[in-house]
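Sharing a structure here in structure tokens format.
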Amino acid sequence: MSEQLTNQQINEAGHLTIGGVDATKLAAQYQTPLAVYDVSKIRNQIRRFKSVFEDNGVDYAVSYASKAFATIAMYQVIDQEDAHIDVVSGGELYTAIQAGFPMAHVSFHGNNKFQAELEMAVSNHVGVIVLDNFHEIELLNDVLEAHDTSAAVMMRITPGVSAHTHEYISTGQEDSKFGFDLNSGQAAKALQQVLANPRMNMLGIHAHIGSQIFELNGFQMAADKLVEIAADWHAQFGYQPEVINVGGGFGIQYTKDDHPLAPEAFVDAIVKTIKQSASDRGLDMPAVWIEPGRSIAGPAGYSLYTVGSRKDVPGLQSYLTVDGGMGDNIRPALYQAEYEAVLANDPAAKPTETVHLAGKYCESGDILIDNAKLPATKPGDVVAILDTGAYGYSMASNYNRNPRPAVVFVENGESALVVERESYADLTRLDRPYQAK
Ligand SMILES: Cc1ncc(COP(=O)(O)O)c(C=O)c1O
């Protein structure tokens, strides 16, 4: 059986359960493709991150990076767990507002926030705007002047630490589109501009070194580097950050080849590094913020699909096709992300064959799992891909004019529809007819 499942997830009928509900029943009730979230896993992961800060007696924020999966229901669960969120667009911010999320707990990220987005952030009093570039400092200043108000800001810097990860999802090294460069002096110049601006309250510094990270040392190096910068800035400009934000990137298990560390291990190493480094440099201990996205949403999510056609060519690996694909999970096609799949009506069945688990989209690269190990299947069977909760639904598209799937939350044996399945009418809702004039 997949390492990502526990015996408790198999019911008396031998079926996969999610949040205490039979996955085959979810598929029958809500149809497939279907994104299902086990809400207790979301809550538990947040609590694990928080507990380490509390044990260490450190001021903190666990700020869920909502790009991983952002819906009204998700924002409500995050708020129920008294965590923060970060948003990267007006659309995520709008969704959080619709969810009634407390704006003081929102950080606004992004490498090209436009004026209307900054207006929206300022007029809704978001907790902190994470400055990314000089253009944004000017834009924000204009917006603050127009509103005759002030805002808390942080500065995102590229600390020159690159964690071991796939190129497309690594963002902390110098040659990156995100943040102020440190070594060329850009970051110090930006700091001076912000400190000189009475409308900006400089809360702290931020770095995000990459994603799906399995080692502590990248975080330790980045944390130490951020304190070193804080000490330099203290000496040069008399400025001490209240917050050091080390971003997200905590790795999760997608397949048996992934061996992630526990959330507690990451937080403990980060907190201890910052404590030590601050004390060595004679700085006050700052609050420590983290921004886990994948590690909160990923393991809680399951994608349910129905098996359809099959192509067998003698001497070649067979293609088994399901009713979803790159439109609801582009990660395998985009950067060769890997997953494991099980049969919903028999997740413990021994695999008997290796197939290409293909999607239904008109694109040869639309393969959800290249070497899926599965028992025998027949059309109509429901397959569950595990750990798809992060960057799956949130990157979904209408490619081939396929409607995006529904999303269901399950907790304590009860399911709830939290995003409706798109209809064909939804697909043409914004289209307008055209006639040459
Ligand atoms: C600034 C920032 N924080 C947090 C995250 C979340 O990373 P992850 O989902 O890997 O935890 C990202 C991901 O791109 C990010 O850019």
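The values are calculated or read from the model by the stated rules, or taken from the named source; none is laboratory data. These numbers were taken from a predicted model, which means no experiment stands behind them. Because the Cβ atoms are built from the backbone with ideal geometry, glycine has one as well, and the counts that use them run over all protein chains shown.
Looking only at segment 353-364, how many residues end up being in a loop (DSSP other than H, G, I, E, B) and either under 7 Å from Leu374 (Cα atoms) or in contact (Cβ under 8 Å) with a residue 12 or more places away in the chain (or both)?
5
Yes or no: segment 203-213 includes at least one residue that is under 22 Å from Ser63 (Cβ atoms) and either away from the ligand (no atom under 16 Å from the Cβ) or of a type in the set (S, T, N, Q) (or both).
Yes: segment 203-213 contains one or more residues that are under 22 Å from Ser63 (Cβ atoms) and either away from the ligand (no atom under 16 Å from the Cβ) or of a type in the set (S, T, N, Q) (or both).
Follow-up. How many residues, within segment 97-116, are out of contact with any Leu (no Cβ under 7 Å at 6 or more places or on another chain) and either over 19 Å from His206 (Cβ atoms) or more than 16 Å from the ligand (Cβ to nearest atom) (or both)?
10
Filter segment 378-437 down to the residues that are outside any loop (DSSP other than H, G, I, E, B) and without any contact (Cβ under 8 Å) to a residue 24 or more places away in the chain, then identify the one that is nearest to Glu92 (Cα to Cα).
Ranking the candidates gives Asp426 first.
Still on this structure, I have one more. Name the single residue that is surrounded by the most Cβ atoms within 10 Å (Cβ to Cβ) among those in segment 229-260 being assigned to a loop (DSSP other than H, G, I, E, B) and of a type in the set (Asp, Glu).
Ranking the candidates gives Asp258 first.
Here's something else I'd like to know. Residues of segment 320-347 being outside any helix (DSSP H, G or I) and farther than 27 Å from Gln29 by Cα, which ones?
Gln336, Ala337, Glu338, listed by residue number.
Quick check on Ala188: is it of a type in the set (A, V, I, L, M), in contact (Cβ under 8 Å) with a residue 12 or more places away in the chain and more than 16 Å from the ligand (Cβ to nearest atom)?
yes
For Lys350, work out the one condition from (1) part of a loop (DSSP other than H, G, I, E, B); (2) crowded, with 21+ Cβ neighbours inside 10 Å it doesn't fulfil.
(2)
Quick check on my filter: what residues within segment 186-216 are closer than 26 Å to Tyr339 by Cα and outside any loop (DSSP other than H, G, I, E, B)?
Within segment 186-216, Ile213 is the sole residue that qualifies.
Can you report the number of residues in segment 156-185 which are in contact with a helix residue (DSSP H, G or I) (Cβ under 8 Å, 6 or more places away or on another chain), outside any loop (DSSP other than H, G, I, E, B) and at pLDDT 65 or above?
3
A follow-up question, please. With Ser295, Ser318 as the choices, which residue is of a type in the set (S, T, N, Q) and touching a helix residue (DSSP H, G or I) at 6+ places or on another chain (Cβ under 9 Å)?
Within the list Ser295, Ser318, the selection yields Ser295.
Then there's this: Can you name the condition, by its number, that Asp79 falls short on among (1) among the charged types (D, E, K, R); (2) more than 14 Å from the chain's Cα centre (by Cα); (3) farther than 20 Å from Ala416 by Cβ?
With respect to (1) among the charged types (D, E, K, R); (2) more than 14 Å from the chain's Cα centre (by Cα); (3) farther than 20 Å from Ala416 by Cβ, Asp79 is out only on (3).
Return the only residue of Val288, Val307, Val313 being surrounded by 24 or more Cβ atoms within 10 Å (Cβ to Cβ) and either modelled with pLDDT under 95 or not in a loop (DSSP other than H, G, I, E, B) (or both).
None of the others qualify; the one that does is Val288.
Moving on to the next point. Could you say whether any residue in segment 44-55 is among the small types (Gly, Ala, Ser) and under 13 Å from the mean Cα position of the chain (by Cα)?
Scanning segment 44-55 turns up no residue that is among the small types (Gly, Ala, Ser) and under 13 Å from the mean Cα position of the chain (by Cα).
Moving to a separate point now. Can you find, within segment 276-300, the residue that is farthest from the ligand (Cβ to nearest atom) among those that are of a type in the set (S, T, N, Q) and more than 15 Å from Ala262 (Cα to Cα)?
Checking each candidate, the answer is Ser279.
Collect the residues in segment 65-82 that are farther than 24 Å from Gln212 by Cα and without any contact (Cβ under 8 Å) to a residue 60 or more places away in the chain, keeping them in residue-number order.
Answer for segment 65-82, where residues must be farther than 24 Å from Gln212 by Cα and without any contact (Cβ under 8 Å) to a residue 60 or more places away in the chain: Gln76, Asp79, Gln80, Asp82.
Is it the case, given these coordinates, that Asp323 is closer than 23 Å to His356 by Cβ, of a type outside the set (Ser, Thr, Tyr) and free of Cβ contacts under 8 Å to residues at least 24 places away in the same chain?
Answer is no for this residue.
Return a yes/no flag: does segment 419-436 have any residue that is in contact with a strand residue (DSSP E or B) (Cβ under 6 Å, 6 or more places away or on another chain), surrounded by 22 or more Cβ atoms within 10 Å (Cβ to Cβ) and aliphatic (A, V, I, L, M).
Within segment 419-436, not a single residue is in contact with a strand residue (DSSP E or B) (Cβ under 6 Å, 6 or more places away or on another chain), surrounded by 22 or more Cβ atoms within 10 Å (Cβ to Cβ) and aliphatic (A, V, I, L, M).
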